[in-house]
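Worksheet: one structure, shown below.
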Amino acid sequence: MYAMKQKQNVYDYSYELRRMRSKRITYALGIVTFTFLFLTLFLQFVLFPVHVKSDAMENDIAKGSAVFVTPLLHNPKRGDVYYVSQQDQEKLTVFEGFANAIVRFVTLQKFYPFGYSEKMSCKPFLRRVIALPGDSIYMKDFVLYIKPKGEKLFLTEFELTEKSYETNIYSIPAEWENIGIAGSFSEMTLADDEYFVLSDNRIECADSRLWGAITADRLKGRALLEYFPLNKIRLF
């Protein structure tokens, strides 16, 4: 019988080649790890994608579109669209927060394993900043009237906001007057750290009319760029 010839592996005989191969593998793993961590941190703290799942901002940001949000802009102005954190946000451990960051990165912010809830108040959302700290406000027929701090007269939100936007405001049946989100409320004044945010779809969608004014720490980032669908790419 003839002994079967075994295929020789050059790495079995050369320590130098094995060392170089190990070095290349380590280098490649380092590059992959660095790239992943860089992208994760970049998308967490510089610019991250948000997939729009509701029609709350449908005149400006349609349901099914995707926008980039930056947490670097911390000076909200009237008319800016901001990504607002959950109202009933669950406190997560460091591990859960890191796991969420990874999964949200991979799924383009569409899913996160920890802290998820079907409750509307437990989900982040895009809303438009309309009133600023110190403003006195009231609403009539779904239009917000604002008296800025130090001023004497009330003006409509459209007169005070530099950015133009459209809202869904239409007449509702009389029997709906006490159903759904309020279209009118009496005068109130915002505290020094409070903002009043509204949806552009004033009839159907929840906002500060339901939750009340929100504090600055819940404004997680300003909508900067709509990048999907491709035929609607634009800066805000």
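Put Glu159, Glu226 in order of accessible area, largest first, 1.4 Å probe: what do you get?
Listed by decreasing accessible area, they come as Glu159, Glu226.
Can you give me the long-range amide H partners of Phe228? Hydrogens built in the peptide plane at 1.01 Å from N, cutoff under 5 Å, separation of 5 or more residues or another chain.
Ala66
Per 0.36 nm of contour for each residue apart, how much would the distance between Val143 and Gln44 grow if the chain were fully extended, relative to their Cα-Cα spacing?
Details: separation 99, 0.36 × 99 = 35.64 nm, distance 3.48 nm.
That pair, Val143 and Gln44, stretches by 32.2 nm at full extension.
Could you give me the ³J(HN,Hα) list for region 67-73, computed from phi with Karplus coefficients 6.51, -1.76, 1.60 and θ = phi - 60°, whole Hz, x at Gly and Pro?
Per residue, the Karplus-derived 3J(HN,Hα) values read 10, 8, 10, 10, x, 7, 9 Hz.
Of Leu190, Leu230, Leu225, which has the most accessible area and how do the rest follow, probe 1.4 Å?
Leu230, Leu225, Leu190
The values are calculated or read from the model by the stated rules, or taken from the named source; none is laboratory data. This one's a predicted model, so the numbers in the text were calculated from it and none came from an experiment. These area figures cover heavy atoms from the full protein model, side chains too; ligands, DNA and RNA do not enter into them. Shrake-Rupley method; radii C 1.70, N 1.55, O 1.52, S 1.80 Å.
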